[in-house]
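The values are calculated or read from the model by the stated rules, or taken from the named source; none is laboratory data. Just so you know, these numbers come straight off a predicted model, no measurement behind them. Side chains are part of the model used for accessible areas, which takes the heavy atoms of the whole protein and leaves out ligands, DNA and RNA. Shrake-Rupley method; radii C 1.70, N 1.55, O 1.52, S 1.80 Å.
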Amino acid sequence: MTVQNLGTIRSYHAHIYFDGPAQRRTAEIIREEIGARFSVRLGRWHDRLVGPHTRPMYQVSFSADEFPRLVPWLMLNRRDLAVLIHPNTGRSKSDHLSHALWLGEILAINAGPLSDEDDGPEPPIDLNTTPTLKP
Ligand code: ZN
């Protein structure tokens, strides 16, 4: 296996999963807390299963600069929710299945929709939060 250098990581995603109404409310609180503290893109809610994900979730897109702030914050504040954090190198299959890390419960990932063909350059993250609080 060839060594991949850090420059292949274009950005990261955190997927915040929820199961049932109580966890969805927790996910709403965490979403507001993230938006108040971090420069990220908060993706839309997926109450129905989408892509390789086997539980409802929303996605948080963030840059490598935000990783050492957001990921430790999620370690401390995810409550009981499962969180998947993966790099975006353009090869979605290995990004999700080999290079990811989990906080809490490890969920199944459906490899069907994922590819290891380079899907081209990641567009710049369209930040949609306006942080006012320090993490
Ligand atoms: Zn993702």
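Among the protein heavy atoms of the chain, carbon and sulfur supply 53% of the accessible surface, probe 1.4 Å, non-protein parts ignored. Computed over protein heavy atoms with a 1.4 Å probe, the accessible surface of the stretch 1-75 works out to 54 Å² per residue. What share of all Cα pairs of the stretch 48-114, in percent, falls into each consecutive 5 Å distance bin? Binned Cα distances yield the sequence 3, 15, 26, 29, 18, 8, 1.
The value for the chain of Rg(Cα) / (2.2 N^0.38 Å) is 1.02. A helix-only calculation puts the chain at -7500 deg cm²/dmol for mean residue ellipticity at 222 nm, using -39500 (n - 2.57) for each DSSP H run of at least four residues, averaged over all residues. In the chain, Cα pairs under 8 Å separated by at least six residues give a relative contact order of 35 percent.
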